[in-house]
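Working notes, structure below.
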Amino acid sequence: MSQPTYPKVAQKQLWRLLEAFRRGERLSTLSALVTYRCGALSQRVGDLKALGWDIRSESVPNEDDGYHFEYWLMPDNAQLPKPANAGEKCHAD
C-alpha cells in the first residue's frame, strides 16, 4: 500500500480534520461542525481519501430512530510521521 500524501498548507480545514483523525477522534457531521466548523464532512473525508488516507465510516443509530455516520482514521495511517513543516500555517485564520 502506498503512503498517503498530506494536504497543501493552504487547505486549513483538511489539516484540522486530519490532525483530529490522527489523534484518534471519531467525527460525525455534527461534531465536525461544532468543533472544527466543517459543514461538509463527507466531502472533506472524500478529499482525504483521494490523498490516500484510510478513513472508514459506519452508520450509528440515533435516539430518535434515525442514524448518522461516524468517520475515523485507521490506526496504521495515524502513526505515519508528519512532515517537518506540515500545516504550520493552518492554525492562523
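Some notes on this structure:
- Just so you know, in region 10-60 the residues that are part of a strand (DSSP E or B) and among the charged types (D, E, K, R) include one that is most open to solvent (accessible area, probe 1.4 Å), and it is 56.
- Checked against the criterion of being modelled with pLDDT of 90 or more, on the phi < 0 side of the Ramachandran plot, under 13 Å from the mean Cα position of the chain (by Cα) and not hydroxyl-bearing (Ser, Thr, Tyr), the candidates 37, 56 yield just one match: 56.
- Residues located in region 46-58, provided they are more than 10 Å from residue 14 (Cβ to Cβ) and touching a helix residue (DSSP H, G or I) at 6+ places or on another chain (Cβ under 8 Å): 54, 55, 57
- Residues that are in a loop (DSSP other than H, G, I, E, B) and modelled with pLDDT of 90 or more were ranked within region 62-93; the one that is most open to solvent (accessible area, probe 1.4 Å) is 74.
The values are calculated or read from the model by the stated rules, or taken from the named source; none is laboratory data. The structure displayed is predicted, hence computed values, not measured ones. We place every Cβ from the backbone using ideal geometry, glycine too, and count neighbours over all the protein chains shown. Protein only, heavy atoms only, side chains kept; ligands, DNA and RNA dropped before computing areas. Shrake-Rupley method; radii C 1.70, N 1.55, O 1.52, S 1.80 Å.
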